[in-house]
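*Asks:* Please read through the structure below; I'll follow up with questions.
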Amino acid sequence: MKALRKPVYLAAGAYTMSMGTGRKEFDPKKARPGLEHYIDEAVRAVLAQIANPDLVDEGVIANFMAARFNRQGNLASLLAAAHPALRYKPMVRVEGACGTGGLGLATGIKTVLADMADVVLVVGVEVQNTVKAVYGADILAGAGHYASQRKAGHAHFFPARFSDRAGAYFARYGAERTRQAMAAWYANAIANARLNPLAQEFHNTAPDLVKLGMSRPDPESFTEHLNFYDCSKVSDGAAAVLVCSEEGLARLGLGRDAAVQVAGYGQVVDDLVQAPPDLTALTTSRKAVEHALGQAGIGVGDVGVFEVHDCFTITGILAVEALGLAQPGEGPDLVLGGGIARNGEHPTNTSGGLIGYGHPTGASGVRMAVDLWKQLVGRAEGFQVPLAREYGLMISMGGDDKTVVAVALRK
Amino acid sequence: MELFERLRNVAVVGAAGKMGSGISLLLAEQIAFAALEDRAGTHVLNLIDISDEGLLGLLRYIRAQAVKTAEKQINRLRRLYAERADLVENGEMVAEFVHEVMLHIRTGKTLELARDSHLVFEAAFERDELKIDIFRKLADMCGQSTFFLTNTSAIPIGFLSRESGLEGRVIGYHFYNPPAVQKLVELITPAHCSPGLVALASELATRLGKTIVPANDIAGFIGNGHFMRDGLHGLGEAERLAGEMGFVQAVWAVDRVSRDWLLRPMGIFQLIDYVGIDVFQLILSVMRRHIPAPELRSDLIDLLIELGVKGGQTSSGAQKDGFFRYEKGRPVAVYDPNRREYVPCEPEGWCRQVEEALGPHPDPSVSWKALGRDRDKDARLRAFFARVKESTTLGCDLARRYAAASRAAAEQLVAMGVAARPEDVNSVLTLGFFHLYGPINEYL
């Protein structure tokens with residue numbers, strides 16, 4: 001496994017509020033701001049942290065489905081609308097379903113490694129509340145193989161795919177304990193989100209989260225094994241960060257202590273058309289994690305804080321197994337034992353994750369990197385956790401474990 | 001003829017009214033599902049009313065509601081459209097279903113439209129002569145096997161069917177407002193009703209997802225039988241208290257107690273406004289005409305109608321002024337018949353004096369809304385009413401008197417044979433009026 005040929009850093013991260021149901025500001029009946037608003041807000045929050053915005057050499061915009069959610073294409077050019085310093089520079093749009101943000105990071109990292117730029121602005125954005133969830137399901141189904149899967153698929157396409165994974169996991173490892181762990185995952189996500197004023201679930205005051213998480217799924221109105229609390233919500237939001245070379249970092253006037261180093265990353269895809277080889281494991285995510293850790297020359301035991309793609313509670317459990325924090329079938333024990341809690345051995349999704357913060361699909365991977373950066377440089381404020389180890393690790397996953405980027409970051 | 005065959009041609013008379021439009025929506029959706037499941041025959045829903053404007057509004061309403069139904073039942077639609085290769089997305093199936101709903105509807109202003117119908121729903125204005133006139137015309141026009149379901153909430157079915165020459169073929173099918181939402185149908189089977197009609201009426205209720213509560217064919221049935229007496233008690237209390245605290249204060253106090261002390265969704269005067277003061281008066285007069293009950297009248301109601309204060313709702317569903325003037329659905333002023341004007345609530349003035357006179361609410365954390373979703377509802381109701389029982393405040397005193405009157409009205413319905421069992425009265429109040437508990441209970 002090749003190590004990175006030169007140091008690459010992330011710095012000056014920022015993200016917007018995740019807007020959608022749960023936020024007091026959200027009113028589905030009123031007109032809402034569009035893509036441009038979220039891109040602008042995230043970009044300006046990043047540029048405000050550096051002395052001279054002109055120093056940004058290139059840009060990457062990560063977005064999944066603006067063509068359908070917002071009827072907007074040509075996003076590379078739209079990114080330049082966020083600030084005059086971005087005009088007449090190379091910008092590119094990347095897409096990999098819900099793993100889009102991770103692809104954005106990977107693209108920024110490669111650009112710096114290729115010596116093509118010293119400062120790359122990576123922005124992730126998605127504005128999904130333009131349609132009701134029932135129609136959003138059609139759009140998000142594009143993260144699977146639409147031509148062969150949509151017609152036969154469930155009305156709630158992706159929830160049903162992961163409901164099937166939950167069903168397979170129940171059958172193999174036991175339903176009751178897994179169900180409890182899914183509820184515990186939800187409770188942990190909301191507890192963390194309550195510490196993050198930008199989280200979609202920040203205003204959540206439900207007294208008994210585990211009880212909610214244990215709600216019986218209703219196959220007639222939703223899916224067989226997942227209830228609403230098992231799912232991340234429909235979200236609008238954006239996140240942005242700078243990917244820099246050593247020279248770039250110096251030029252921006254940012255000290256090394258304001259940045260985190262990319263220790264390694266793995267970018268892996270699997271065949272979109274085929275069914276996953278094992279419903280009870282995130283096989284592709286596992287490979288991406290192995291690649292990232294190998295490149296960094298570390299083991300998962302060296303990592304002190306994690307961000308995983310918990311689009312559903314069951315995915316969170318599968319993800320901790322893919323990380324190697326638990327053996328197959330033992331993810332529920334780790335979760336129920338408090339292992340992923342902010343005061344646990346492996347603090348995970350400390351700002352709420354996809355279930356607690358929200359899941360503006362194209363932005364999620366970038367938002368994860370920003371949260372790891374915040375934790376590692378000590379800027380996580382209300383949701384800061386004490387760091388036992390100096391590495392952070394994230395999984396940005398697209399589709400049903402199809403397009404995955406894992407990134408290991410070092411303080 | 002089986003229900004599925006009868007659903008091939010159905011009519012609604014008075015389709016654009018408050019109740020008619022909801023019934024039309026339920027049938028339109030049901031017929032669309034029937035057409036998707038049974039592709040052999042044609043399906044027609046004839047919607048009849050007197051104005052083009054009303055019918056146009058009705059079509060708009062059905063279309064908008066059908067979208068919501070399709071969205072909610074998307075899993076069912078995906079199954080129904082599984083063979084339609086051209087329909088892939090949820091969005092496409094929702095649009096197709098809405099199209100299907102509208103496809104079978106015929107609208108018109110003449111009863112002629114119902115000529116070939118196997119089932120006719122009647123939801124015209126609540127007047128004996130009007131309904132009899134409609135039924136007589138339909139009797140001449142429709143086939144001998146046609147069944148008639150009337151949504152009357154008060155007029156005896158036996159009387160209507162005898163007067164119109166349709167004996168045996170009419171049944172009382174009383175939906176609650178709004179029909180698309182409320183789960184209750186009061187089923188009034190007159191003497192000499194065709195057994196086929198009774199069976200069909202109950203099969204249809206199952207298909208529509210409604211719960212049937214049987215009522216005897218005595219004017220007012222269970223729902224209005226209770227509501228009229230319950231309302232008259234409230235009116236009497238307001239008149240009694242008016243001498244002590246003034247009229248507007250008394251109306252405010254009785255409304256507040258009947259809502260917040262009895263834990264009902266609306267206070268009694270807001271409910272009368274919602275139904276319509278004119279409708280309330282009309283139902284009283286219908287009941288007086290058909291049963292020996294001279295006590296079913298109110299001078300206050302008659303006076304308000306004389307002064308043109310009628311309540312009810314606009315065609316868009318907004319509340320019109322009645323006992324109260326409303327802002328965003330909440331009472332903000334009370335009508336004073338002496339001054340012939342609305343007296344705005346003064347939070348620091350007379351409204352506060354009313355609050356002080358009533359005394360503190362027994363437990364502000366307990367409300368209709370809060371208890372509706374509470375799994376320990378029964379225990380919390382017991383605890384709450386135990387406090388009401390012990391307290392000596394005016395509010396609790398009024399609440400106890402009110403609960404006793406409500407219970408007496410319910411027991412009277414059982415004694416008169418309107419309801420076969422106390423449970424049936426309780427079911428009508430909980431399902432049709434959204435009360436948390438029935439009037440015959442052990443709480444107070």
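*Asks:* If you go through the range B:60-93 one residue at a time, how many are polar (S, T, N, Q) and without any contact (Cβ under 8 Å) to a residue 24 or more places away in the chain?
*Replies:* 3
*Asks:* Pick from the range B:1-15 the residues that are farther than 18 Å from B:Leu103 by Cα and aliphatic (A, V, I, L, M): which of them is modelled with the lowest pLDDT?
*Replies:* Looking at residues that are farther than 18 Å from B:Leu103 by Cα and aliphatic (A, V, I, L, M), I get B:Met1.
*Asks:* Another one. Filtering the range A:17-50 down to residues that are part of a loop (DSSP other than H, G, I, E, B) and touching a Leu at 6+ places or on another chain (Cβ under 7 Å), which residue is surrounded by the fewest Cβ atoms within 10 Å (Cβ to Cβ)?
*Replies:* Looking at the filtered set, the residue picked out is A:Ile50.
*Asks:* Based on this model, can you work out whether B:Glu348 counts as among the acidic types (Asp, Glu) and surrounded by 16 or more Cβ atoms within 10 Å (Cβ to Cβ)?
*Replies:* Taking the combined requirement at face value, the residue does not satisfy it.
*Asks:* Residue under question is B:Leu444, and the condition is that it be among the aliphatic types (A, V, I, L, M), within 24 Å of B:Leu241 (Cβ to Cβ) and either touching a residue at least 24 places away in the same chain (Cβ under 8 Å) or not assigned by TED's automatic domain parsing to the domain that holds B:Gly231 (or both); does it hold?
*Replies:* Yes.
*Asks:* Pairs under 7 Å by beta carbon, first residue farther than 26 Å from B:Ala383 by Cα in the range B:252-279, partner among the acidic types (Asp, Glu) and not in a helix (DSSP H, G or I), six or more apart or different chains?
*Replies:* B:Val279/B:Glu126
*Asks:* Pull out all pairs, ordered by first then second residue, where Cβ-Cβ is under 7 Å, the residues are six or more apart or on different chains, the first lies in the range A:253-265 and is within 10 Å of A:Val377 (Cβ to Cβ), and the second is at pLDDT below 95 and of a type in the set (Lys, Arg).
*Replies:* Between residues of the range A:253-265 that are within 10 Å of A:Val377 (Cβ to Cβ) and residues that are at pLDDT below 95 and of a type in the set (Lys, Arg), the close pairs are A:Val260/A:Lys411.
*Asks:* When you scan the range A:227-246, do you find a residue that is touching a residue at least 60 places away in the same chain (Cβ under 8 Å), aliphatic (A, V, I, L, M) and part of a helix (DSSP H, G or I), even just one?
*Replies:* For the range A:227-246, residues touching a residue at least 60 places away in the same chain (Cβ under 8 Å), aliphatic (A, V, I, L, M) and part of a helix (DSSP H, G or I): absent.
*Asks:* Does any residue of the range A:37-52 turn out to be under 23 Å from A:Met397 (Cα atoms), in contact (Cβ under 8 Å) with a residue 24 or more places away in the chain and among the β-branched types (Val, Ile, Thr)?
*Replies:* Checked against the condition, which is being under 23 Å from A:Met397 (Cα atoms), in contact (Cβ under 8 Å) with a residue 24 or more places away in the chain and among the β-branched types (Val, Ile, Thr), the range A:37-52 yields at least one hit.
Conditions (1) out of contact with any helix residue (DSSP H, G or I) (no Cβ under 6 Å at 6 or more places or on another chain); (2) over 28 Å from A:Val8 (Cα atoms), marked per residue:
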| residue | (1), (2) |
| --- | --- |
| A:Pro328 | no, yes |
| A:Asp333 | yes, yes |
| A:Pro347 | yes, no |
| A:Asp371 | yes, no |
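*Asks:* Can I ask one more? Considering only the range A:195-204, I want to know if a residue exists there that is surrounded by fewer than 17 Cβ atoms within 10 Å (Cβ to Cβ) and more than 14 Å from every other protein chain (Cβ to nearest Cβ).
*Replies:* The answer is yes; a qualifying residue exists.
*Asks:* Among A:Asn70, A:Asn52, A:Asn74, which is away from every other protein chain (no Cβ under 14 Å), closer than 30 Å to B:Asn75 by Cα and polar (S, T, N, Q)?
*Replies:* Sole residue among the options that is away from every other protein chain (no Cβ under 14 Å), closer than 30 Å to B:Asn75 by Cα and polar (S, T, N, Q): A:Asn70.
*Asks:* Now for a different question. Could you list, in sequence order, the residues of the range B:151-169 that are in contact (Cβ under 8 Å) with a residue 40 or more places away in the chain, small (Gly, Ala, Ser) and not in a loop (DSSP other than H, G, I, E, B)?
*Replies:* Within the range B:151-169, B:Gly158 is the sole residue that qualifies.
*Asks:* Mind checking which strands (runs of 3 or more DSSP E) fall wholly inside the range B:320-390 and carry at least 3 residues that are in contact with a Phe, Trp or Tyr (Cβ under 7 Å, 6 or more places away or on another chain), of a type in the set (Val, Ile, Thr) and under 17 Å from B:Ala253 (Cβ atoms)?
*Replies:* Correct list: empty, since no element meets the threshold.
*Asks:* Hey, among B:Phe97, B:Phe121, which residue is within 14 Å of chain A (Cβ to nearest Cβ) and not charged (D, E, K, R)?
*Replies:* Just a single option satisfies the conditions, and that option is B:Phe97.
*Asks:* What's the number of the condition A:Tyr169 fails, among (1) more than 14 Å from chain B (Cβ to nearest Cβ); (2) more than 26 Å from A:Gln274 (Cβ to Cβ); (3) aromatic (Phe, Trp, Tyr)?
*Replies:* It fails just one condition, (2).
*Asks:* Further question on the same structure: I need a count of the residues in the range A:112-141 that are assigned to a helix (DSSP H, G or I) and either under 30 Å from A:Gly329 (Cα atoms) or more than 14 Å from chain B (Cβ to nearest Cβ) (or both).
*Replies:* Within the range A:112-141, residues that are assigned to a helix (DSSP H, G or I) and either under 30 Å from A:Gly329 (Cα atoms) or more than 14 Å from chain B (Cβ to nearest Cβ) (or both) number 5.
*Asks:* A follow-up question, please. Pairs please, first residue from the range A:325-348 and under 19 Å from A:Leu387 (Cβ atoms) and not assigned by TED's automatic domain parsing to the domain that holds A:Glu307, second anywhere and among the acidic types (Asp, Glu) and surrounded by fewer than 15 Cβ atoms within 10 Å (Cβ to Cβ), Cβ atoms under 6 Å, 6+ apart in sequence or on different chains.
*Replies:* So the pair list comes out empty.
*Asks:* Which condition number in (1) modelled with pLDDT under 95; (2) in contact with a Phe, Trp or Tyr (Cβ under 9 Å, 6 or more places away or on another chain); (3) crowded, with 17+ Cβ neighbours inside 10 Å; (4) not basic (Lys, Arg) is the one that B:Ser164 fails?
*Replies:* (1)
*Asks:* Might you check whether a residue that is among the hydrophobic types (A, V, I, L, M, F, W, C), in a helix (DSSP H, G or I) and farther than 30 Å from A:Tyr135 by Cβ occurs anywhere in the range B:97-109?
*Replies:* No: zero hits.
*Asks:* Of the conditions (1) touching a strand residue (DSSP E or B) at 6+ places or on another chain (Cβ under 7 Å); (2) assigned to a helix (DSSP H, G or I); (3) within 14 Å of chain B (Cβ to nearest Cβ), A:Phe162 satisfies every one except a single condition; which number is it?
*Replies:* (3)
*Asks:* Looking only at residues in the range B:59-85 that are facing chain A (nearest Cβ under 10 Å) and part of a loop (DSSP other than H, G, I, E, B), which one is surrounded by the fewest Cβ atoms within 10 Å (Cβ to Cβ)?
*Replies:* It comes out as B:Ala85.
The values are calculated or read from the model by the stated rules, or taken from the named source; none is laboratory data. Small disclaimer: the values here were computed from a predicted structure and weren't measured. Glycine gets a Cβ as well: all are built from the backbone with ideal geometry, and neighbour counts include every protein chain shown.
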